[in-house]
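A.B. asks: Please find one structure pasted underneath; my questions will follow.
Values quoted throughout were computed directly from the atomic coordinates according to the rules given, and no laboratory measurement underlies them. This is a predicted model, so every value here is computed, not measured. All Cβ positions, glycine included, derive from the backbone under ideal geometry; neighbour counts span all protein chains shown.
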Amino acid sequence: MAVIKTENLTYVYGEGTPFRKVALDNVNLSVEEGELVGVIGHTGSGKSTLIEHFNALLRPTSGNVFIDGERINWDDKKTLRGIRFKVGLVFQYPEYQLFEDTVYKDIAFGPKNMELDENEIDRRVRETARLVGISEDMLIKSPFDLSGGQKRRVAIAGVMAMEPKVLILDEPTAGLDPKGRETILEMIHSYHREKKNTVMLVSHSMEDVAKIAKKILVMNDGRLFCYDDTKKVFERADELKAMGLSVPQITRVFNRLKEKGIDITEDVYTVDFAKKLVEKVMEMKK
């Protein structure tokens, strides 16, 4: 069953003004429950506008959005409240939104707003802290005493603790060093494996998306260019390049090797797979 579905979704900024811009143009999309989806597109392609409709932060100019089979009714405040608990949205640099005096309280903020009892709030805080690698002793610390990467994980944990059916993360590795990026990506991957819910990762990094996403959604000038398996999307390297995107570096390396006549029958888009492929070729040559 589709957990997210759009029908002819269109959104226009500045309607009736000289600054009118069509940010989303007749987008029809269906995302099945349990998918781990990468969302890519050049700056201004409509990525952020699209995901903000899923959380009911933006109201379509025309068209419909369905979450878990329910059409979002922007005139019903009770419905909107439920949608925002069902679809958790983590913005860029979420650590800037930390404000409580302990890590525990920051992670508990969302569950408290859901009016859960104290035992359930405590369970969610501790379970989510474990998922994101926050130890018990860190829960009593001020979030402002943590490193940048730890703050990022605490902020993401605050949304995860609401146990949304859909978790959307907008550039979750932005501004982090390579080790921090790797930690966040593995955390997201582990969360998806354990919870088995739908996760959408918005990113400019093809490497990040290739590493964990099973499917990729590509936006281009407000339109849905494609939504397909990761391998099939990166097979369209020339089309991606034409719209200002690229494929992972490792894919470009192996494409050049193919051009030079080296017999590589597989499409390569992760370093791990490249390593296995090279080892396989070396073994065959022994």
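A.B. asks: Provide the FRET efficiency to the nearest 0.05 for the ARG126-GLU182 pair, computing r from the beta carbons and using R0 = 22 Å.
C.D. replies: The formula returns an efficiency of 0.35 here.
A.B. asks: Net charge near PRO164: determine it from the other residues with C-beta under 10 Å of the C-beta of PRO164, scoring Lys and Arg +1 and Asp and Glu -1. Mind showing how you got there, number by number?
C.D. replies: On the way: positive: ARG84, LYS86, LYS165, LYS195; negative: GLU163.
Charge balance near PRO164 sits at +3.
A.B. asks: Which three extents, in whole angstrom, do the alpha-carbon atoms of the chain cover along their principal axes, largest first?
C.D. replies: Extents along the principal axes: 63, 54, 36 Å.
A.B. asks: Once both labels are modelled 7 Å past Cα along the beta-carbon direction, what's the VAL253-THR43 spacing in nm?
C.D. replies: Taking the two extended label points, one gets 2.8 nm.
A.B. asks: Please give the charge dipole size of the chain, origin at the Cα centre, charges +1 on K and R Cβ atoms and -1 on D and E Cβ atoms. Round to the nearest 20 debye.
C.D. replies: On the way: 44 positive and 46 negative charges, 120 e Å.
The dipole of the chain has a size of about 580 debye.
A.B. asks: With just the Cα atoms defining each centre, how far is segment 100-163 from segment 200-221? Give it in Å.
C.D. replies: So the two Cα centres are separated by 27 Å.
A.B. asks: Which pairs break 25 Å Cα to Cα here: LYS165/LYS241; LYS105/LYS211; LYS211/LYS232? Please report the intermediate quantities before stating the final value.
C.D. replies: Values: LYS165/LYS241 33 Å; LYS105/LYS211 32 Å; LYS211/LYS232 15 Å.
Checking Cα-Cα distances, LYS165/LYS241; LYS105/LYS211 exceed 25 Å.
A.B. asks: Determine the gain in length on full extension of the stretch MET243-CYS226; use 0.36 nm per residue of separation and subtract their C-alpha separation, reporting nm with one decimal.
C.D. replies: Result for the pair: 4.9 nm of gain on full extension.
A.B. asks: Now, a different point. If you take every residue apart from PHE85 with its C-beta less than 11 Å away from the C-beta of PHE85, what net charge results, scoring Lys and Arg +1 and Asp and Glu -1? Intermediate values should be presented prior to the final figure.
C.D. replies: On the way: positive: ARG81, ARG84, LYS86, LYS165; negative: GLU115, GLU163.
Its environment carries a net charge of +2.
A.B. asks: Can you tell me the equivalent ellipsoid semi-axes for segment 1-118? Use √(5λ) from the Cα gyration tensor, largest first, whole Å. Walk me through the numbers before you get to the answer.
C.D. replies: Values: eigenvalues 152, 67, 47 Å².
Equivalent ellipsoid semi-axes, largest first: 28, 18, 15 Å.
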